[in-house]
Amino acid sequence: MANITVSYSSMEHHPNDPLHGKTLQMILTELVAHFGWETLGHHIPINCFTNNPSMNSSLKFLRKTPWARKKVEQLYLRMVE
């Protein structure tokens, strides 16, 4: 008899955590698609969103700045509710 390995999706392991399995790039891409850079800059007024915004510069800043990343994650959570 063959061994069968059952794998579970990440949502089954963490069904109450909407951030589980989401990369920062995925979160930011969804926020930009939903709000656009200008509105995103109004919600979270940081230079990488308000002054010549780009995905690369924003990701670089957010990866180095925990307080800003937390704000982005909080806005994402409000968006998906």
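The values are calculated or read from the model by the stated rules, or taken from the named source; none is laboratory data. Computed from a predicted structure; not experimentally measured. Glycine gets a Cβ as well: all are built from the backbone with ideal geometry, and neighbour counts include every protein chain shown. Note: areas computed on protein heavy atoms with side chains; ligands, DNA, RNA excluded. Shrake-Rupley method; radii C 1.70, N 1.55, O 1.52, S 1.80 Å.
Here are some notes:
- For VAL80, the accessible surface of its heavy atoms amounts to roughly 70 Å² (probe 1.4 Å, protein chains only, rounded to the nearest 10).
- Along principal axes, Cα extents of segment 10-72, largest first, whole Å: 40, 24, 17
- Residue by residue, segment 47-55 carries 3J(HN,Hα) couplings of 3, 5, 9, 9, 10, 6, x, 8, 4 Hz when phi is fed to the Karplus relation 6.51 cos²θ - 1.76 cosθ + 1.60 (θ = phi - 60°); x denotes Gly or Pro.
- Computed over neighbours whose Cβ is under 13 Å from that of ILE44, the net charge equals +2, Lys and Arg +1, Asp and Glu -1.
- Each residue of segment 56-72 was assigned a 3J(HN,Hα) from its phi angle through the Karplus curve 6.51 cos²θ - 1.76 cosθ + 1.60 (θ = phi - 60°); the sequence is 4, 5, 5, 4, 4, 5, 5, 5, 9, 10, x, 5, 6, 4, 4, 4, 5 Hz, with glycine and proline shown as x.
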